[in-house]
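Since the structure comes first, as structure tokens, the remarks are kept for the end.
The numbers here are math on the coordinates, done by the rules we state, and not lab data. Since the structure is predicted, the reported quantities are computational estimates derived from the model, not experimental observations. Here Cβ is always computed from backbone atoms with ideal geometry, including for glycine, and neighbour counts include all displayed protein chains.
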Amino acid sequence: MARTTSRSEFWARLSPKARLLLSIGIFTTFATIGIFHDSWTPGAPPWYWVAVQCVIAGSISLSWAYTFLWSRKFIASIVITCTASAVLGYWTSDTFPNPATPQAWFARAAWGALVCMVLVATGYIFFVKFISTEGAEQLRLRTEIDLARGIHEVLVPPVDATHGRLEVFGRSIASSEVGGDLMDVYVGDHGVIVTVADVSGHGVAAGTLMGMIKSVTRVKLMDGTKLGALAGDLNRVLFQVKGKEMFATLSALRFHSDGEVELTVAGHLPLFHIRGQSGDVDVHENEHLPLGILEDATFSTRTLRSEPGDIFVLITDGLTEVENTKGEELGWDPIRAIVTSRRTHPLSEIHAEIMRAVQSHGPQADDQTLVLARFT
């Protein structure tokens, strides 16, 4: 479930104090242009005119900064302040007399240089305060994100294992430091359960909810809970604890040693079953709402038979929705073609070929999870 970023997010994350510090630093630093303007203006305008030029120069710099960091609506401020500067320059041209003596001229220049030094020093001080304030905050956030990323790596490790007659190979690649995709293989007395979930949103919030889903899932699976009942329990828990706009999708498979497979799909992409002998593809479509939408939603379980060589594919939409430069999504067809044509190859090779196709189609914009399970 894709994420978006923009420069406006940087401004939105700044505290009011940090915004004020940055604004004062920008204003005072570029207000010095008003002093330089005085040096090339004919005559010697009164100091209040110079002060007005400094205010206009600082305001223009703030307008540009706000336009690029905050919103394009401040383009109007750029137009207004630049117009004011042009009008003031026109009014002051050839209007004021020159200093009476060279000494007066040098005194004026000295005072101008002093004001410039004060403005630059003030701007420097406020920039340093801004950097130190935001630096400490960013260091704290960086530490928390690194901790969350470490937890995420523990919760969603790569999978390359064989459990009885079942081979499983999978990877989950987060689009940011912390991903919202879940990939898990649970081996218990009631079979081998392979689950893939996708939490809406991204970052720490999605990663936290993903970790909770894994914990609840494993606790329930210890009792041999049917996958439909598992989805129902997860749904009720998520509905009570998630954020207002958050939800999760789920695909789950339970493999038994005799070839029977139990499955459920809750709001997720279809499960794909590639027949090892013929290469035919069975598509097990979603029949339920995502988890966390309706508290009293119910979820069913289906069963099927698998034969030696059959491959099951579980993916998240971070793969199928990758877009090329034309805005065209990858879709399922290239993935199906790769698995079908290479169904006798090692799962690691099939996985690598799929990821090459995904990466060559377009850049990653969302968490990408791909799990392959083959019954032998």
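Using the Cβ-Cβ distance between HIS190 and SER300 with R0 set to 25 Å, the FRET efficiency works out to roughly 0.90. Since only VAL283, ALA110, GLY170 are under comparison, the one whose Cα sits farthest along the positive direction of the charge dipole of the chain, derived from C-beta charges on Lys, Arg, Asp and Glu, is ALA110. Label point of ASP282 set 7 angstrom out along Cα-Cβ; within segment 161-198, amide nitrogens under 20 Å from it belong to 165-169, 191-196.
To the nearest ten degrees, helix 227-241 and the longest principal axis of the Cα atoms of the chain are 30 degrees apart. With the Cα gyration tensor of segment 237-371 giving a ≥ b ≥ c as the square roots of its eigenvalues, does the rule (a/c under 1.5 for rounded; else a/b larger than b/c for prolate; else oblate) give rounded, prolate or oblate? Because a/c hits 1.5 or more and a/b fails to exceed b/c, segment 237-371 counts as oblate. With the simple model of a label 7 Å out from the Cα in the direction of the Cβ, ALA136 to ARG236 spans 4.7 nm. Placing unit charges on the Cβ atoms only, positive for Lys and Arg and negative for Asp and Glu, gives the chain a dipole magnitude near 1360 debye about its Cα centre.
Considering only THR344, PHE255, THR320, the residue lying farthest towards the positive end of the dipole of the chain is THR320, judged by Cα position with unit charges set on Cβ. The stretch between SER77 and GLU349, if pulled fully straight at 0.36 nm per residue, gains 92.2 nm over its current Cα-Cα span. If the chain linking ALA109 and ARG13 were pulled fully straight, counting 0.36 nm for each residue of separation and taking away their Cα-Cα distance, it would gain 30.4 nm. Residue separation of LEU289 and ALA51 scaled by 0.36 nm, minus their Cα-Cα distance, works out to 79.3 nm of gained length. The simple Förster model, with R0 at 35 Å and r as the Cβ-Cβ distance, assigns MET222 and GLU307 a FRET efficiency of 0.75.
Bridgeable lysines around LYS73 (alpha carbons under 28 Å apart, same-chain partners fewer than 8 residues away excluded): LYS17, LYS129. The modelled label-to-label distance for the pair ALA357/PHE68, using points 7 Å beyond Cα in the direction of Cβ, is 4.3 nm. Could you point to the label whose value was computed as Rg and Dmax of the Cα atoms in Å for the structure here, given [x] 22.6, 69; [y] 31.3, 106; [z] 20.0, 58? For Rg and Dmax of the Cα atoms in Å, the calculated option is [y].
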